[in-house]
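The block underneath contains the structure these notes are about, expressed in structure tokens.
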Amino acid sequence: MIDQEMLKDFVDEVEEHIREFENSGLALEKKPDDMTLVNDLFRSAHSIKGAAGYMGFSRIADLSHKMENVIDLIRERSINPDKNLMNILFQCMDRIRKLTAEIESEGSEKSEIEDLVILIDNVLKDKSVKTDKEIEETDKASDSSPSTTDADRELKEIFAQQAGEYVTQLLQLLGDLSANVDPRATVAQMMSIIIDFIQLASYIEEKKVEAILETFAENLREMHESDTVLLDQWKTSISGTLRSVINELPDDLAVEEKLLEMLDEDNRIDSDLSERTEKVPEKDEGLFAFPLDEEEKSLLQDFE
């Protein structure tokens, strides 16, 4: 059963991003070399994909993911955002709007997306190769564009905002893991977030963050496929990797302080447990893993 408040928030968020996408898309048709507008398109599509993935609406997530791939090629100047291409992207947003309305009224996605997926794939095949002249003309337009610096700055802002959201979600899931809430399902949710996080880092060209996240994803995959749930080891590994990710992110990352404190607390507890474990004598003390005071020893002797 879908939480109705979460559903309403999802619908409102998607509708807002659709409007933003359409406004940026219309502006891009008039200014096809404006990378700030391209970044705005990516932000809208990426936000929709993240929200849909979190709520489990696969068709919206899959279609917006396809749109991201197209926008990434526009950013790389591998294809031009001409009228035909923009019309296809607008059709995708219209379908997402329809799917969102279906979710709001019926609780699930009804409309198919395969026709648009095929359409996007065909366009990418037809336009994936540019002539040397087209590349030269595009590079000249890029060099003369006054918005390049602004676009780079906006890319960093997009990255900081989205990274903050991903880190927040991962820290919340780490809290679930600490509370022993279905460890395998929690790890699976983390994997889904990390996959989106990797794509964002790749788009922004944050190579070091991307490399850490790739390792993170592989570790999570091994945990999920493991025959045994080693909760303490999992928590230690995830906490350490999360700290490594955070250390590579902007200092002004929008993450609640209490969540970061939770991460530090987990690391402190793990460290304390490790130190105490090292002090445990080799002799088996039965149920008592740590040194006993005199009163406890006396009680134990009485019990025996």
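Some notes on this structure:
- Packing rank of 43-51, 216-224, where each peptide gets the mean count of other beta carbons within 10 Å, highest leading: 43-51, 216-224
- Estimated inter-spin distance, Glu157 and Glu114, nm [label 7 Å along Cα→Cβ]: 4.2 nm
- Flagged links, alpha-carbon separation over 25 Å, of Lys8/Lys98; Lys110/Lys156; Lys31/Lys110; Lys8/Lys156; Lys8/Lys49: Lys110/Lys156; Lys31/Lys110; Lys8/Lys156
- Packing here is the average count of other Cβ atoms within 10 Å per residue, and on that basis the peptides 72-79, 104-111, highest first, run 72-79, 104-111.
Bear in mind that the values in this text are calculations on the coordinates, not laboratory data. The structure presented is a predicted model; accordingly, all values stated were derived computationally and were not measured. Here Cβ is always computed from backbone atoms with ideal geometry, including for glycine, and neighbour counts include all displayed protein chains.
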